[in-house]
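Some notes on the structure that comes next.
Each reported figure results from applying straightforward, stated rules to the coordinates on display, with no laboratory input. This structure is a prediction, so every number in the text was calculated from the model and none was measured. Note: ideal-geometry Cβ built from the backbone for every residue, glycine included; neighbour counts use all protein chains shown.
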Amino acid sequence: NALTLVFSPGGDVETTVGSSVMLGVMANQANDLMTADPIRIRYNPQLLRLNDIIAGDLLTRDGAAVNISKDIRNEAGEATVTLSRSSAGTGASGTGTLCTLVFQAVGKGAAPVTVENASLTDSKQQAIRVNPGTRAGVRVQ
């Protein structure tokens, strides 16, 4: 059974140059999710600048600490983020936000944001299959 990642808000987001845009990367129906190592994000650097990646609530719901490591490469329009539960023996289950991408709109046009690759594992270090094709659209006016 594959896990689906979706962006929140879904559909196209409209904004203006200079404004901030926040996109949550959500996991639907996770079961025993321990690490995301890594999640690769791709975006158009001429239209969007990624300022930060913030850990979401899914991995911390039961009070577990989460380690986050991020590598943002705005010149290339790509970023990777690694999230891992550090103090829990079991993984997180349910639906929730893995991380939030904090963009700034820097140019006008249609700017797709995609999850290029997501490598997720459970508490037994077994791979969790992820459905491909997670995409959001940001329309900058």
Handout entry: Neighbour-limited loop hits for trypsin sites (Lys or Arg not before Pro), the range 16-61 (at most 16 other Cβ within 10 Å; DSSP other than H, G, I, E, B)
Key = ARG61
Practice task
Give me D for the range 1-106 in µm² s⁻¹, whole number, from Stokes-Einstein with Rh from the Kirkwood sum over alpha-carbon pairs, 25 °C and 0.890 mPa s.
Solution key: 171 µm²/s
Practice task
Would you please name the GluC sites (Glu not before Pro) within the range 62-141 that are DSSP coil residues with at most 11 other C-beta atoms within 10 Å of their C-beta?
Solution key: GLU75
